[in-house]
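Following: one structure in structure tokens, then a few remarks.
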Amino acid sequence: MKSLDIIKLHNAVFYAYHGALTDEKNLGGKFEIDVELHCELGNAKKNDSLSETVNYEKVYSLMKKVVTEKKYNLIEALAHSISIGILENFEKVQKTIVRVRKPGAPVHGVVDTIEVQIETER
């Protein structure tokens, strides 16, 4: 029996330098990221085996690398890069949902956070 399972990394927080404005690129800010990994984990569940699942420590390391090594103008582009990186590096993942939140985004009004969600499938 096949099933599609989900591994979630919720609210990973990074300090980085993304944004369209010069101040955002120079001063930086906090970014919060959620990732959903849709994958078939039947063998991992049956065999209780790390080698047959998606190692979320490695997923976190990939997220950190993508967030901190390049400056993006848009959180849409950042989310897309995380999603593509996961699909390219973790063959068991069939679909990703990546949410990137930018608390305190510079808008002319009161907003707690701005969030973008990107879904990518093989």
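No value in this document is a laboratory result; all are computed from the given coordinates. Nothing here was measured: the structure is a model prediction, and the numbers come from that model. Glycine gets a Cβ as well: all are built from the backbone with ideal geometry, and neighbour counts include every protein chain shown.
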Restricting attention to region 13-32, which residues are among the aliphatic types (A, V, I, L, M) and touching a helix residue (DSSP H, G or I) at 6+ places or on another chain (Cβ under 6 Å)? Ala16
Tally of residues being in contact (Cβ under 8 Å) with a residue 40 or more places away in the chain and under 16 Å from Val98 (Cα atoms) across region 6-27: 4
Kindly indicate whether Lys30 is surrounded by 10 or more Cβ atoms within 10 Å (Cβ to Cβ), among the basic types (Lys, Arg) and over 21 Å from Ile97 (Cα atoms). no
Per the list (1) surrounded by 11 or more Cβ atoms within 10 Å (Cβ to Cβ); (2) touching a helix residue (DSSP H, G or I) at 6+ places or on another chain (Cβ under 9 Å); (3) without any contact (Cβ under 8 Å) to a residue 12 or more places away in the chain, residue check on Ala77 breaks on (2)
